Amino acid sequence: MKKIIFYVFLLVIPAAIAFFGVNFAYKQTNYWKASFHNAERFNNVPDGIKLCNIGTSHGCWGFKWEDYPEYNAFNFAVSGQPYFMDLIMLKHFENKIEKDAIVLIPVSFHQIYNYWEESYVQTYHRFLSKNDYPFWNIETYLKTNLFPVINNGIRPSFNNILNDIPEGKVDRFHFEEIWTKWLTEEEMKNLVDEHGAQWFLNNFNESSYQKNFDAVCKIVDFCYTHNWKPVFVTVPVYDYFYEAFGEMVPYIKKGFYKFSADIAEKYPEIPYWDYSHDEEFSPYIELFMDDDHLNLYGAEKFTARIIEDLKRADYLK
């Protein structure tokens, strides 16, 4: 019996040392820092933010504040982030945001009739606590934050340690090459047709309209409580998407404009800038990584336009 126990320990102890060693080393890599849409940025949010945005993937990929350090801007958007999570993000980081800061609130085609009521998004387990995140669970926390090797695998993690990505590529746009490329016209049209037929038709939920509207109102009220300046923005989408979208799912497009009109009526003092079919962006396929997301070049161009428009509106000096 003693020999069996001895041999078990002989096998278990080296395996445990290897597991914890690889896990620790993996968490020091740039690969780990850049994972989950560069989630590590939320553990390094600067103080004194003067300009920021919330939002879903359209906000995450649409704004590239890194080129404007003078505004100490920050991107709080996460792919698939619903409005109620936007509010949670602002509350969690409210001490980082200055009085009179500008908060850009994206209004997306995808958000109006989808509420994502149950979403175990791994990204949030990297920086939000159980008290902050309503869908926090111990299993995801262990796999995502404490022991990511469980998710990634020992061998892939070891390869990431040996072949780590360069320091200069630890951001949302350089981690994956897809953000620096664009599709052909045929590929884009096929994607639009598939997108309209599958995503929107499968995710339509009319009851979510009022929930999302109420959530946006809570965001605005929270901004006013902190003397922040909210601005509503719709990020550019590719022309073919915008046109086909109205034909494939016209009730969604109609609902989107009703939503934006209702918001404008409730908050007439807040600017709403709709760039969804702006001629500076929408006709140019080279600015998009897919039918409704800007790529690196589109984000750079769009962010420059936002800065320009904020200055024109006397929001920025």
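Results for (1) among the aliphatic types (A, V, I, L, M); (2) in a helix (DSSP H, G or I), shown as yes or no for each residue.
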residue: Y251; (1), (2): no, yes
residue: A261; (1), (2): yes, yes
residue: P283; (1), (2): no, no
residue: R305; (1), (2): no, yes
residue: D314; (1), (2): no, no
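Check every one of the helices (runs of 4 or more DSSP H) wholly within the stretch 71-159 and list those with 1 or more residues that are basic (K, R).
Numbers: elements: 83-92, 138-141, 148-152.
Helices (runs of 4 or more DSSP H) meeting the threshold: 83-92.
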*Which of the residues that make up the stretch 51-70 are within 21 Å of K211 (Cα to Cα) and either assigned to a loop (DSSP other than H, G, I, E, B) or modelled with pLDDT of 95 or more (or both)?*
N53, I54, G55, T56
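Test Y115 against the criterion of being open to solvent by 20 Å² or more (accessible area, probe 1.4 Å), of a type outside the set (D, E, K, R), out of contact with any strand residue (DSSP E or B) (no Cβ under 8 Å at 6 or more places or on another chain) and at pLDDT 90 or above, and give yes or no.
Details: open to solvent by 20 Å² or more (accessible area, probe 1.4 Å): yes; of a type outside the set (D, E, K, R): yes; out of contact with any strand residue (DSSP E or B) (no Cβ under 8 Å at 6 or more places or on another chain): yes; at pLDDT 90 or above: no.
No; evaluated as a whole, the condition is false for this residue.
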*Name the residues in the stretch 77-98 that are buried (at least 19 other Cβ atoms within 10 Å of the Cβ) and more than 18 Å from P134 (Cα to Cα), would you?*
I97
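For the stretch 263-281, which positions are of a type in the set (A, V, I, L, M, F, W, C), outside any loop (DSSP other than H, G, I, E, B) and modelled with pLDDT of 95 or more?
Step one: filter the stretch 263-281 for residues of a type in the set (A, V, I, L, M, F, W, C), giving 263-264, 270, 273, 281.
Now restrict to residues that are outside any loop (DSSP other than H, G, I, E, B): 263-264, 273.
W273, the sole residue that qualifies.
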*Would you mind telling me which numbered condition in (1) buried (at least 18 other Cβ atoms within 10 Å of the Cβ); (2) assigned to a helix (DSSP H, G or I) V233 fails?*
(2)
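Let's see how each residue does on (1) of a type in the set (V, I, T); (2) at pLDDT below 75; (3) out of contact with any Asp or Glu (no Cβ under 9 Å at 6 or more places or on another chain):
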{"position": "V149", "(1), (2), (3)": "yes, no, yes"}
{"position": "F158", "(1), (2), (3)": "no, no, yes"}
{"position": "L162", "(1), (2), (3)": "no, no, yes"}
{"position": "I165", "(1), (2), (3)": "yes, no, yes"}
{"position": "H174", "(1), (2), (3)": "no, yes, yes"}
{"position": "L183", "(1), (2), (3)": "no, no, no"}
{"position": "M188", "(1), (2), (3)": "no, no, no"}
{"position": "A197", "(1), (2), (3)": "no, yes, yes"}
{"position": "L201", "(1), (2), (3)": "no, yes, yes"}
*For the stretch 9-50, name all the residues that are at pLDDT below 90 and of a type in the set (A, V, I, L, M).*
L10, L11, V12, I13, A15, A16, I17, A18, V22, A34, A39
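Report the residue count in the stretch 285-303 for those that are in a loop (DSSP other than H, G, I, E, B) and open to solvent by 10 Å² or more (accessible area, probe 1.4 Å). Steps first, answer last, please.
The initial filter retains those residues of the stretch 285-303 that are in a loop (DSSP other than H, G, I, E, B), namely 289-293, 295.
So of that shortlist, the ones also open to solvent by 10 Å² or more (accessible area, probe 1.4 Å) come out as 289-290, 293.
Of the residues in that region, 3 qualify.
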*What pairs come up if the first residue lies in the stretch 120-132 and is in contact (Cβ under 8 Å) with a residue 60 or more places away in the chain and within 15 Å of K33 (Cβ to Cβ), the second is buried (at least 20 other Cβ atoms within 10 Å of the Cβ) and not hydrophobic (A, V, I, L, M, F, W, C), and their beta carbons are under 6 Å apart, counting only those six or more places apart or on different chains?*
Q122/T144
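The values are calculated or read from the model by the stated rules, or taken from the named source; none is laboratory data. Everything numeric in this text was worked out from a predicted model, so none of it was measured. FYI the Cβ positions are ideal-geometry reconstructions off the backbone, even for glycines, and counts take in every protein chain you see. Calculation scope for accessible area: heavy atoms of the full protein, side chains included, ligands and nucleic acids excluded. Shrake-Rupley method; radii C 1.70, N 1.55, O 1.52, S 1.80 Å.
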